[in-house]
Amino acid sequence: MKEQTLLIHGGIDGDAATGAVNVPIYQTSTYRQRALGENTGWEYSRTGNPTRAALEALISDLEGGTRGFAFASGMAAISAVLSLFKSGDRILISKNVYGGTFRVLDKVFKQFGLGYALADTDDASALDAAIAPDVKAILVESPANPLLTVTDLAAAASVAKRRGILTIVDNTFMTPYLQKPLALGADIVVHSATKYLGGHSDVVSGLAVTNHPEIAERLAFVQNAVGGVLGPFDSFLLIRGIKTLAVRMDRHVANAESLAARLATHPEVSRVWYPGLKDFPGHDIQFRQAKNGGAMISFELADGKDHREFFRTLRLVTLAESLGGVESLVCHPASMTHASIPKETREKVGITDRLIRLSVGIEDVDDIWSDIENAIRKA
Ligand SMILES: *Cc1c(COP(=O)(O)O)cnc(C)c1O
């Protein structure tokens, strides 16, 4: 099946028992056992649920893996993957990973002896040099949040493979429709499916996929043992969202390309970060490993502009955390998504107080632009 067909018919297509074209919401915690030791293959919904299983098969098909896992949030998915490691191990993370990923490593896993270090994952030789004997995995986002730094995933994964460690890629910003990390050599892909995969800002969820049977077995064990699973109704919402991923992404990206070009030439915008712009540092790598530049844009207003006033003036574009929904959202990384990173670290990686991050929605692009242009003028 081609990709756009897979989005609609991948995983488990419909309900074999009734012919329902959609996988039903199996809103049940447990399953009748016919006799002692004789069950239907379903025992308890933390361990497995048919609606969740359909979603897990779907994301596995889409990422080109062998097994998928659905969790109650992106952080639950990332935490489950981090639970594969042990005390004394260390994880290398890209310099501008999602704030919550940094926080869970720094404030939770560190307490159990799992260490982390920041690395220039976009520089293969620096990455190689950073792999000390205790480093067991690299965790990469590309493009990374919020400066959209591009990492050459195949290069990073090949360094990791040569050094005998795992590559974990957070593919939230791209989705499998735009980028397939497993095909580039990654071992595990994680998602905040809250974002583009769900696509409608109505469900918090996380996914993980691998193509290694042993990792899959251990992740299945962790998922059941730790228990941060996605419920049946939310699994249904995600399956529903994923069906329209291709048409939504195409529109998100077309709008983003147009807005990035307009921002880049606006006299009162001092800088624009968008991998789809020809002069963006990671542009060539991005277009080699992904379909296009995606739909996230960051920018800074020119000196003398007041970003608080910019946010206050916006009417259509909503000031909110999160991204990837059909509606355009804007955020202030320094005080919102990346507030959990100490200011000093934040500034060092380039997340200044003037930085604005835009998640381009699928509204009419001229409506989005007039709102942004007006807010820039008033700022
Ligand atoms: C939002 C996000 C997460 C966390 O996911 P939740 O669903 O909010 O728990 C992780 N990584 C990236 C890149 C994100 O944008």
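The values are calculated or read from the model by the stated rules, or taken from the named source; none is laboratory data. This one's a predicted model, so the numbers in the text were calculated from it and none came from an experiment. Note that each Cβ is placed from the backbone with ideal geometry, even for glycine, and that neighbours are counted across all protein chains shown. The accessibility values were calculated without ligands, DNA or RNA, using every heavy atom of the protein model including side chains. Shrake-Rupley method; radii C 1.70, N 1.55, O 1.52, S 1.80 Å.
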Accessible carbon and sulfur surface of the chain relative to its total accessible area, %, 1.4 Å = 53
Return the whole-Å distance between the Cα centroid of the range 2-16 and the Cα centroid of the range 85-159.
-> 34
For the chain, inverting the pair-averaged 1/r of distinct alpha-carbon atoms gives a Kirkwood value in Å of 21.3
Karplus ³J(HN,Hα) for the range 40-48 (6.51 cos²θ - 1.76 cosθ + 1.60, θ = phi - 60°; Hz, whole; x = Gly/Pro) runs 8, x, 10, 10, 7, 6, 5, 6, x
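Roughly how many Å² is the accessible area per residue of the chain, as a whole number, for a 1.4 Å probe? Write down the numbers at each step before the final one.
Numbers: 15860 Å² over 379 residues.
Here the per-residue accessible area is 42 Å².
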Under a 5 Å amide H to amide H cut-off, with H placed in plane at 1.01 Å, what residues pair with Leu319 once short-range neighbours are removed?
-> Val330
In degrees from 0 to 90, rounded to the nearest 10, what is the angle of the helix 245-264 Cα long axis to the longest principal axis of the chain?
-> 20
If packing is taken as the mean number of other Cβ atoms within 10 Å per residue, what is the order of 173-182, 83-92, 351-360, highest first?
-> 173-182, 351-360, 83-92
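Do any of Lys136/Lys278; Lys110/Lys195; Lys305/Lys348; Lys180/Lys305; Lys110/Lys305 go past 29 Å between their Cα atoms, and which? Before the final figure, lay out the partial values.
Details: Lys136/Lys278 35 Å; Lys110/Lys195 27 Å; Lys305/Lys348 23 Å; Lys180/Lys305 39 Å; Lys110/Lys305 40 Å.
Over 29 Å Cα-Cα: Lys136/Lys278; Lys180/Lys305; Lys110/Lys305.
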For the range 315-369 and the range 174-197, compute the distance between their C-alpha centroids and round to whole Å.
-> 21
Would you mind checking the tilt of helix 213-226 against the longest principal axis of the Cα atoms of the chain, expressed as 0 to 90 degrees and rounded to 10?
-> 90
The chain: angle of helix 153-162 to the longest principal axis, Cα-based, in degrees nearest 10 = 50
Any chance you could get the radius of gyration and Dmax over the Cα atoms of the range 246-378, in Å?
-> 14.3, 40
Which cross-chain or sequence-distant (5 or more) residues have an amide H under 5 Å from the amide H of Gly68, H modelled 1.01 Å from N in plane?
-> Ser60
